[in-house]
Every structure is written in structure tokens, then in C-alpha cells.
Amino acid sequence: MLLSPSPGEAPDVLFACAHLSLCADLLAAPATRKVALPYLSACNLLPLLEAAQLAAPALETLKARLGPLLREEVTDRDTASLQRRCHQLGGGEAVLRNVSMAAASDVQNPAYLGAELGKLSDGALLSLATSLRLTAPPQAYPRPALLALFLHRYCPPPPPLPPSLFSTEAALFAPPPSPQFLPLTTPYLSTQFPSYRHYLSSSFLLYQAEANDNVRSDLLDAARRCAHRRDPATGAVSKTGWSRFATDALGCAATRAGKAKIGTRHASYVEGSVEVDLASYAGHIRAEWDALQENDVVFLLSIAPKEGEVVKGKGREEASAALAETIKLVRGATVKAVHDGDGNEITQDSPSPAGASSRRVISLLLDPVQYHNDFVVNRDRTPEELYSSVNLVVRRDARENNFKAVLETISSLSTEHAANTLAVPDWLSDVVLGYGDVDSVHYDSKKMRRFAETTPGLPKPGQPMDFGDAFNDDAHLRDSFPGQKVAIGGEGDFVKLAFDPSDSAKISATRYVPKKLPNPVATPLKFTPTQVAAVKSCLHPGLSLIVGPPGTGKTDVATHVISCLHRTYPTQRIVVIAHSNAALNDLFEKISARGYVDERYMIRLGSGERDLNVESTHDFSKRGRVNYTLAKREQQLKVVQELSESLGVSTAAERGPNGESSYTCETAMLFYKHHVVSRIQIYERNGATGDFPFAAFGGLKAGSDRAKFEELKELFDELEDFRSFELMRSMSKRTDYLMAKQAKIVAMTCTHAALVRSRLLELDFKFDSVIIEEAGQMLDIESFIPLMLQNKSENGGSRLKRVCMFGDHNQLPPIIKNRDLARHGNFDQSLFTRLIRLGVKHLTLDAQGRAREDIAALYGWRYGGLGSLPHTGEGRFLKANAGFAKPFQFVNVDNYEGRGENAPTPFYIQNLGEAEYVVAVYQ
């Protein structure tokens with residue numbers, strides 16, 4: 001139909017798109033792929049599409065979607081079979097003899113093979129195709145299609161260019177497809193994927209489409225505000241308006257391109273620069289431009305309005321088509337450095353001095369793939385012609401430009417998958433793709449039990465795990481495991497539980513007193529049996545999905561899980577992920593307030609660290625933790641100095657000029673070995689009789705002799721950890737060591753995980769557990785990236801042992817501004833939701849303590865019978881709300897001053913009448 005429609009008849013493009021979309025869906029679903037792939041391959045669908053002259057963009061889109069699903073690898077065996085058949089059929093055909101005697105590399109070259117086979121007659125070409133079973137006798141293909149069959153089957157495609165991270169004006173301002181084609185051409189995230197290549201490819205296209213919408217809106221807004229005008233007399237284009245996010249480009253150029261790396265066709269890097277003048281901006285806006293940092297994103301635009309026309313749109317959302325038509329060029333670039341007019345680099349530590357030149361030169365890294373497409377593939381303009389046309393530089397809010405880091409990470413994950421270095425745990429891989437045994441990732445499955453038995457660093461079945469202070473008393477402990485027998489021993493508020501692998505009804509509980517007591521300000525909750533079951537699931541290896549309806553304490557459960565994991569596996573690292581800075585800070589503050597984890601092991605990555613409300617002498621950034629460690633080192637060495645003086649090993653005269661310790665971490669360890677350990681050994685060898693060896697030292701807490709010896713050991717163990725910071729002199733090396741070796745709890749948002757992934761891989765960052773909060777509000781790929789923050793281990797697998805996801809898929813899904821992507825591409829489906837839809841076992845917290853029972857009943861039905869904690873039926877929950885006759889009421893609010901609900905900016909909805917009504921109720 002597409003290759004040779006009837007004379008005078010145009011192809012039915014809509015029917016063809018629907019047919020190809022169905023084929024793509026059948027190939028993408030593992031259940032139907034095993035049937036559809038052999039059939040569609042036998043039909044030669046892909047080579048016929050490649051031979052067809054497709055005029056519709058929708059068909060080109062679908063062809064690109066089908067390519068990875070249908071293309072098979074070309075091997076030397078395939079080449080040998082072609083040459084052998086050509087030799088057998090050679091006879092008087094010189095072409096066939098030439099092909100049979102050619103080198104394999106020549107045969108696999110489409111230019112050579114196409115030229116040689118093109119010399120054959122139609123009959124000889126058809127005979128060769130039939131003998132190789134490329135086509136059956138009833139099938140009649142035109143000559144171009146037959147040649148396409150040969151090239152597809154025997155010539156491997158050239159290595160594809162990696163996708164460009166920045167879209168051009170053609171993609172940003174292309175007319176949208178008609179509504180009837182939109183559902184067919186939009187990439188789709190199903191619940192199942194045939195491979196990680198398909199999963200990552202679909203995620204990349206959808207994420208880029210969503211980012212393009214936001215970029216398009218910002219660029220149109222900047223162009224509208226700048227209001228460029230072309231002078232009729234001179235033809236010069238000038239800016240008549242103003243925008244704080246855009247400024248004139250005085251000159252732009254690509255300055256250097258690096259040689260292509262082996263196996264690639266594009267330049268390894270492309271450097272450029274753009275010059276701007278900030279004289280017309282106020283000081284605070286100039287400071288914003290000076291604050292551009294390495295890896296920030298800017299856009300280079302060429303705007304060319306018609307003569308005499310001032311380019312202005314109708315608003316941010318309603319920018320006219322005429323405005324988009326005047327934007328002739330859009331190229332994205334990454335900032336490398338910002339220099340002033342004298343060539344001095346401007347940084348946060350060395351800002352531009354007052355009275356200095358207002359000129360700025362922004363050094364850029366251009367997109368190498370985009371550069372390749374501009375000047376190698378298209379060749380319609382030289383670099384000088386293209387970049388000299390740039391007349392506007394647009395920057396965006398840093399948070400809006402995180403899309404580049406996410407796209408770059410998805411692209412690198414695709415490369416790692418192709419190289420078989422993608423560090424997906426074997427026990428989780430198939431379930432993430434959607435076709436594995438969903439029960440196998442549960443901690444109680446045979447697979448995970450075998451995994452626990454054979455994996456170092458995990459307790460064997462039946463060994464105790466630390467549940468901390470989850471139980472208020474013995475009755476609470478027994479009530480938390482209904483129907484099971486709990487044998488309790490020992491004394492103390494903390495509990496270790498051992499679950500009998502041979503009898504699930506038996507549990508051994510051992511109470512103990514921890515070395516480090518919790519912060520008395522943070523009162524432990526009385527966990528419900530379901531919350532205890534959630535903690536138990538998360539302590540085991542495997543995948544744990546915890547659904548937390550409103551008010552059921554899922555953040556408190558997550559906090560307790562992290563504390564218990566750290567005590568049960570003190571040498572393992574935990575990565576904590578949240579969707580928003582607010583949620584991550586709330587979780588981080590609760591971990592810190594509980595006091596179970598030494599703060600030197602905790603680090604918070606990302607700009608949201610500034611908003612943390614945690615009591616500490618230093619912040620929780622990388623630099624802050626290094627400074628905290630160095631300060632703690634000085635403090636502990638001072639204790640060693642006092643201990644040494646009390647033993648007569650040193651004197652106060654040996655101290656520094658300001659009274660600082662004369663010891664370093666290295667000499668302190670020598671002192672411990674020769675003067676502390678030796679005294680302890682002599683004391684114990686004498687039966688712990690006589691004078692206590694450290695009686696003259698007043699820095700030890702009251703307690704038994706053994707407790708004091710343990711306190712000294714902890715002091716010197718801590719100094720041993722600090723020794724590496726003493727050997728390293730630069731802050732960068734110290735922060736790298738902190739990340740790679742010392743930090744045990746590393747918290748970041750899902751977006752920041754994409755920003756720092758490449759650096760973490762360079763540091764050989766390793767972790768054992770991932771805790772994801774707000775999992776229901778993250779995009780599928782945003783939940784997947786944090787699982788990939790480490791390289792493959794030495795045995796070829798992943799060190800990741802457990803993934804714990806906390807969320808609520810019944811509340812808000814991920815926010816997608818492009819509703820077409822959510823409606824037709826299922827882009828608002830989170831990984832958390834997808835796993836639940838696949839049937840992965842999940843646990844729903846079943847008791848809320850936030851709302852009155854009758855208010856909770858409004859949404860409780862959605863969770864299969866949500867209960868309420870006893871305190872919701874007493875005290876302040878029984879008092880009436882001021883201004884209301886009922887516990888809840890629905891009130892109709894008419895338009896206020898002629899206006900109702902409105903959106904002054906996209907996705908920011910307000911209703912002033914409702915706001916005034918609420919204020920009036922409480923006045």
C-alpha cells in the first residue's frame with residue numbers, strides 16, 4: 001500500500017499509522033512479542049518501510065519506533081551464507097562472483113553491496129532473494145524493495161548518533177500532529193517492556209517532549225518580552241523590550257571541536273563562546289547573570305522579524321504563530337565559565353568588582369550531536385554563518401534546566417545497556433521490565449531466601465535483626481505479631497528479633513541497651529502491627545512497596561527503617577531519595593532528631609540542604625560534613641592530649657601555642673597501641689584488681705571498667721576514621737573520600753541523583769539499600785535512576801540488596817504539564833504504580849491518626865477500609881471547628897468581584913473568592 005499504491009490513489013496514511021502502531025505495541029509487549037516478531041520479520045516489514053518514500057511525519061516517527069524492535073544483529077555467519085550462495089549461483093554472473101570473493105567488511109558495507117547487487121537484472125535479483133529465503137515466490141516486491149531487503153539483512157546499520165539533549169527550532173516550533181494521529185505517534189509507557197533499550201528509549205522521548213514544552217513556553221515568553229524589531233531602512237534587528245532572563249548577543253562563535261572518539265562519528269566536544277553586555281540591567285539582575293555556573297544551560301536564539309514588525313505575542317500561553325515563525329534558530333549550550341571584559345573568571349568566590357566592565361564572555365560547551373547534524377549531515381550553512389546569526393541569549397531558572405541532566409543520564413544508561421555494564425540487580429531486573437515473577441522479589445520468596453544465604457553482608461535466615469525501640473513494652477511487642485509466639489529475653493528498651501525459618505509462628509526477641517541512646521525529645525510512636533510488618537519487610541533483602549494513606553505515618557516508618565538498617569548493617573550505605581526538597585528535609589530532620597545515627601555519617605546533597613532545620617555545628621553539605629569531621633578531630637585529639645598528660649606520657653608544655661593538641665591521628669593511634677592497650681591488658685591479666693589504670697583521667701563516663709574501656713576504644717576508632725582526612729590536603733579530595741568511603745546515609749532528590757550520577761560513578765560510589773519517599777509522585781524513570789548510581793560489582797552484578805518504596809498511588813500522580821503525554825503516552829505513571837499494577841506484593845498502612853474519623857471516611861474507602869487510631873476519637877478531635885456547624889461542609893462560593901477560578905500563569909490555579917471566604921470564617 002505504501003510502496004506501490006494504485007495509480008491515482010494516495011496511500012491511506014491514517015490506516016498505515018494505525019497498523020504500524022499496532023505492530024509496535026505487539027512487539028513491545030513480552031507476551032505477544034514472541035509471536036509477532038517472527039511473523040513481522042518474515043513479512044520484511046522494516047526493510048520495506050526503509051525503502052518506502054514516506055511523506056508523512058507520523059509514518060517517519062513510527063518507523064523510528066519500530067526500528068529497535070525489529071532490527072536483528074548482522075553476524076559474520078550471515079555474511080558467509082550470502083557469499084556461499086553467490087558462489088553457488090555465480091555461473092556467468094560476474095557480480096555474484098565478485099560478491100562471493102569480496103572481503104566480509106566490503107559485503108557488510110551498504111554502498112558496496114548496493115552497487116554490486118544493483119547491477120543484477122530483476123530476475124537474477126529475485127532468484128537470489130528467493131534462494132536466501134528473503135522472499136517467497138507469491139510475494140512480489142519492486143526492485144527498490146528487494147535491494148532494501150538485502151541491505152537490511154546483510155549490512156549492519158552504522159552506529160547511531162546518541163540523541164541530542166537539546167531540541168532545535170524545528171522540533172520546538174513544529175506544528176503539532178492532528179488529534180487523530182496523536183495517540184498513534186506518541187511514545188507509550190506500558191507496564192511491560194521487551195528490553196531496557198526500549199524502556200530507556202521511550203522514557204527519553206517522553207521526558208524530552210515534556211521538557212520541550214517548558215522550553216518552548218519560556219523562549220516564546222522571552223521573545224515576546226524582548227519585542228525585536230527590524231529597521232526598514234537598515235534591516236538591522238534590535239530589541240525594543242526587556243526581559244531579566246534574556247539579553248542581546250554581541251557575538252557568538254564555535255571555537256573548537258574535539259576529534260571523534262573511537263566508535264563514534266560526532267566530535268567528542270565542541271567549545272564556543274557568546275559575548276553579552278549587562279549595562280542595562282540593575283545590579284541584582286546582573287548578579288543573576290554572573291551567578292551562571294558550570295553545567296548551567298543557556299539557549300542561543302536567532303530572531304528575525306519582518307520589516308517594521310514588532311514581535312509581540314498575546315501572552316505566555318497564547319503566543320501567536322507569527323512570534324514562533326520569527327525564531328529562526330535555537331541551539332542549547334552548557335555554561336563552562338563566565339569572564340568579565342578583562343578576561344577574569346567570575347565565580348561565587350571571586351565576583352566581579354564594583355565599577356568593572358559590564359561586558360561578559362560566556363564560555364560554552366555546545367552539543368556535539370547537534371553540531372554534527374548542523375555541519376556534517378545537513379551542510380547547508382557553515383559554523384560561522386549559523387552562530388553569527390545568534391542575537392539573543394536566554395537563561396532559565398536553574399531548577400527548570402535539570403531536564404538536561406536527566407536526559408544525559410538516560411542516554412548514558414542506554415550506552416551502558418548496549419555495553420552490558422548496566423548495574424541492574426539480577427533479582428530485580430525482570431520485574432522492573434514487567435515480565436518477571438512478581439512474587440520472587442518479596443523477602444519471603446525462595447529466590448530472596450537463597451539470595452540472603454549466598455550474599456555476603458546479609459544475615460542468614462533466622463539471625464536477629466535490630467528493630468530498635470519500635471515496641472513500648474512486652475505487651476506491645478506481642479500484640480504487634482498477632483497469631484505468633486514471641487519469646488522475650490534480656491533487658492532494655494531496644495529489641496532484636498529473630499524469625500524462625502522452619503516455623504513462621506515462632507519469634508525470639510532479645511532486649512538490650514544501646515551504646516548510643518535516642519534523643520529524648522523525639523518520642524517514639526506506638527507502631528501498629530501493619531507498621532511493624534513494613535519495618536520487617538524493609539529490613540530483609542528484596543523489594544518492599546509500602547502504601548501510606550494520608551496520616552498513617554509512612555514518613556515515621558521510613559525514618560525508623562533507616563535507623564534500624566544502620567544499626568543492623570552498620571557498614572552498609574543507605575541512599576535516601578525523595579521527589580521534593582521539602583519531603584526529603586522532613587525525613588532527614590527526623591532521622592537526625594532521633595539521634596540513632598552519628599551525624600558524621602549523614603550527608604544531604606543538593607541546594608535544599610540550606611533549608612534544613614537541624615541542630616549541628618556545621619551544615620550537612622559535603623563541605624559542611626568535612627568541616628564537621630575536622631572540628632571533631634580537633635576535639636577528640638584534645639581528649640587524647642588530656643589522657644596522655646594524665647598518664648604522664650606527655651606534658652602541657654608540648655601543646656601548641658593556643659593549647660591545641662600535640663597529637664595527630666597517626667601518633668594518637670601509636671599512643672593507643674603502646675600506652676592504652678598495654679595498660680588495659682596488664683589490668684585484665686591481674687584479674688582487674690588494683691588501681692584502675694585511667695583513674696587520673698576525668699574524661700570517662702561513670703560505669704563499669706568494661707564500659708570505660710569500650711569508651712576509649714570508640715574514641716580511638718573514631719580517630720582512625722579521621723586519619724584519611726588528615727592525610728588529604730585539598731577540600732575536593734576530602735569531599736570525594738567522604739562520599740566514597742565515610743558517609744553511610746546519603747540523601748538527595750531524584751533530580752539531583754541524575755545531576756551527580758556521573759560523578760558518583762567516577763568515585764566508585766557503592767550502596768546497599770535505597771529508600772524512596774514520595775515514590776508515587778515520581779516519574780518512572782526518576783525512580784529508576786537512583787537505583788543506577790553505582791557501577792557493576794566485581795562479580796558482574798549489583799551490590800544493591802534492597803529497595804524500599806514509600807508512597808500512595810491513590811493520591812496525586814507525577815505532575816505532567818503536557819496532558820497529551822499523560823493521556824496518550826501514560827507518562828504520568830510512576831514506577832511505584834506500575835509495580836503495583838503488575839501485582840508486586842505491597843503493604844498498605846491501615847490506621848490513620850491525622851483526621852477525625854468521619855473526615856477520614858471521605859477517602860478511607862479508597863484503601864479498602866482505612867481505620868483510625870484511638871486518639872482520633874478523643875481530646876481535641878472531639879472539639880468543634882470554629883465557624884463550622886459540621887465536621888466538614890461543602891460550600892459553594894460565587895464569583896468574587898466578577899472572577900472565579902483562574903490561572904495567572906500555567907498550572908498555578910487560584911480563586912480569590914474562596915481565599916476571602918476562608919479568611920472571613922476565622923476572623
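The values are calculated or read from the model by the stated rules, or taken from the named source; none is laboratory data. Just so it is clear, the structure is predicted and the values come from calculations on it, not from any experiment. Positions of Cβ are generated from backbone atoms using ideal geometry, with glycine treated the same way; all protein chains shown enter the neighbour counts. Just so you know, the surface numbers come from the protein's heavy atoms only, side chains and all, with ligands and any DNA or RNA stripped out. Shrake-Rupley method; radii C 1.70, N 1.55, O 1.52, S 1.80 Å.
At a glance:
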read-out	value
Calculated P(r) of segment 763-919 - Cα pairs past 18 Å, %	75 percent
Calculated over segment 326-390: convex hull of Cα atoms, volume per residue (Å³)	120 Å³
Dipole-positive endmost among Asn826, Gly606, Ile855 within the chain (Cβ charges, Cα centre)	Asn826
Under 14 Å, Cβ to Cβ, from Ile546 - net charge with Lys/Arg +1 and Asp/Glu -1	-1
Where N is the number of residues in segment 213-360, Cα Rg divided by 2.2 N^0.38 Å	1.17
In degrees, nearest ten, helix 196-226 long axis to first principal axis of the chain (Cα)	80 degrees
Computed magnitude of the charge dipole of segment 854-923 (debye, nearest 20; Cβ of K, R +1, Cβ of D, E -1)	300 debye
Acute angle (nearest 10 degrees) that the helix 122-131 long axis makes with the longest principal axis of the chain, alpha-carbon atoms	40 degrees
Over 29 Å between alpha carbons, listed pairs Lys638/Lys741; Lys447/Lys536; Lys261/Lys741; Lys515/Lys554; Lys404/Lys766	Lys261/Lys741
Order by protection proxy (mean Cβ within 10 Å, highest first), peptides 340-351, 596-607, 355-366	596-607, 355-366, 340-351
Efficiency of FRET from Cβ geometry, Ser217 and Ala18, R₀ 45 Å, rounded to 0.05	0.90
Longest to shortest principal axis, alpha-carbon extents of segment 62-121, angstrom	42, 24, 17
Burial ranking of peptide ranges 434-446, 651-663 (average Cβ count within 10 Å, highest at the top)	434-446, 651-663
Estimated inter-spin distance, Ser646 and Ile815, nm [label 7 Å along Cα→Cβ]	5.6 nm
Percentage relative contact order, segment 814-923, counting C-alpha pairs under 8 Å, at least six apart	16 percent
Ranked packing of 451-459, 321-329, most packed first, by mean Cβ within 10 Å	321-329, 451-459
DSSP-loop GluC sites (Glu not before Pro) across segment 761-827, with at most 15 other Cβ within 10 angstrom	Glu794
Å³ per residue enclosed by the Cα convex hull of segment 177-229	104 Å³
Neighbour net charge for Thr130 - beta-carbon separation under 14 angstrom, K R +1, D E -1	+2
Probe 1.4 Å, accessible area per residue of the chain, Å²	49 Å²
Contact order relative to length of the chain, as percent, for alpha carbon pairs under 8 angstrom and 6 or more apart	11 percent
P(r) of segment 557-702 over all Cα-Cα pairs, binned every 5 Å from zero, in whole percent	2, 8, 14, 14, 13, 11, 12, 11, 8, 4, 2, 0, 0
Kirkwood hydrodynamic radius (C-alpha pairs) into Stokes-Einstein, segment 426-548, 25 °C and 0.890 mPa s, D in µm²/s	154 µm²/s
Distance-filtered residues of segment 627-657 - backbone nitrogen under 12 Å, label point 7 angstrom along Arg679 Cα→Cβ	640-650
30 Å Cα-Cα threshold exceeded, pairs from Lys460/Lys632; Lys632/Lys701; Lys328/Lys817	Lys460/Lys632
Kirkwood Rh in Å, taken over all unlike Cα pairs in segment 621-680	12.3 Å
For the chain, share of DSSP beta bridges that run antiparallel, in % to the nearest 5	60 percent
Contour minus Cα-Cα distance for Glu914 and Lys447 (0.36 nm per residue)	162.6 nm
Carbon + sulfur, % of accessible area of the chain - ligands and nucleic acids excluded, 1.4 Å	51 percent
Dmax and Rg, reported as Rg then Dmax, of segment 485-595 (C-alpha, Å)	14.9, 44
Under the Debye formula (equal points on every Cα, no solvent term), log10 I(q)/I(0) of segment 754-807 at q = 0.18, 0.23, 0.30 Å⁻¹	-0.62, -0.94, -1.23
Between helix 143-154 and the chain: long-axis angle, C-alpha atoms, 0 to 90°, nearest 10	30 degrees
Unmatched cysteines, the chain - criterion: no other Cβ of a Cys under 4.7 angstrom	Cys17, Cys23, Cys43, Cys86, Cys155, Cys226, Cys252, Cys564, Cys665, Cys750
Calculated [θ] (222 nm, deg cm²/dmol) that DSSP helices of n ≥ 4 give over the chain, each run adding -39,500 (n - 2.57)	-12000 deg cm²/dmol
